[in-house]
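This report concerns only the one structure given below.
The values are calculated or read from the model by the stated rules, or taken from the named source; none is laboratory data. All values reported here derive from a predicted model rather than from experimental measurement. When we count neighbours, we look across all protein chains shown, and the Cβ atoms used for this are built from the backbone with ideal geometry, even at glycine. We work out accessible area using only protein heavy atoms, side chains counted, and drop any ligands, DNA or RNA first. Shrake-Rupley method; radii C 1.70, N 1.55, O 1.52, S 1.80 Å.
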Amino acid sequence: EQRSDTDISARVRGALAGQLNDGASFVPSLPTVLTNDETRKVITEQLPGAAILGRRIGAGLLKRAAYRADQSAILPEGARKVLVDTNTALAKAVEPKTPIDD
């Protein structure tokens, strides 16, 4: 039985929607107060661990993106490999080193 292009398109859209519908879209964007250079400077001076925490969170999000790309059933193998490798490399570059890591 041959499926129409409309059926295939609907299935792909449904699969993508399912992958994206995990609550990540409800994460608020960066507050405008943090886009101000002076505000960021004051925060990093008063909260010395804030920059490291931000890097850890960023690395965690990149690792999650790599994992989700690797688990995707709809991505072509080449695209999957590029997404996994790129996100993993970025996470390693961003994640701060700890004394335990050395």
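Things worth noting here:
So that you can scan it fast, the table gives a plain yes or no per residue for (1) under 29 Å from residue 11 (Cβ atoms); (2) surrounded by 12 or more Cβ atoms within 10 Å (Cβ to Cβ):
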{"position": "41", "(1), (2)": "no, no"}
{"position": "44", "(1), (2)": "no, yes"}
{"position": "60", "(1), (2)": "no, yes"}
{"position": "66", "(1), (2)": "yes, yes"}
{"position": "72", "(1), (2)": "yes, yes"}
{"position": "76", "(1), (2)": "yes, no"}
{"position": "81", "(1), (2)": "yes, yes"}
{"position": "86", "(1), (2)": "yes, yes"}
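- Within the span defined as region 75-93, every residue fails to be part of a loop (DSSP other than H, G, I, E, B), modelled with pLDDT of 90 or more and of a type in the set (Ser, Thr, Tyr).
- Being open to solvent by 60 Å² or more (accessible area, probe 1.4 Å) and modelled with pLDDT of 70 or more is a condition met by no residue of region 25-33.
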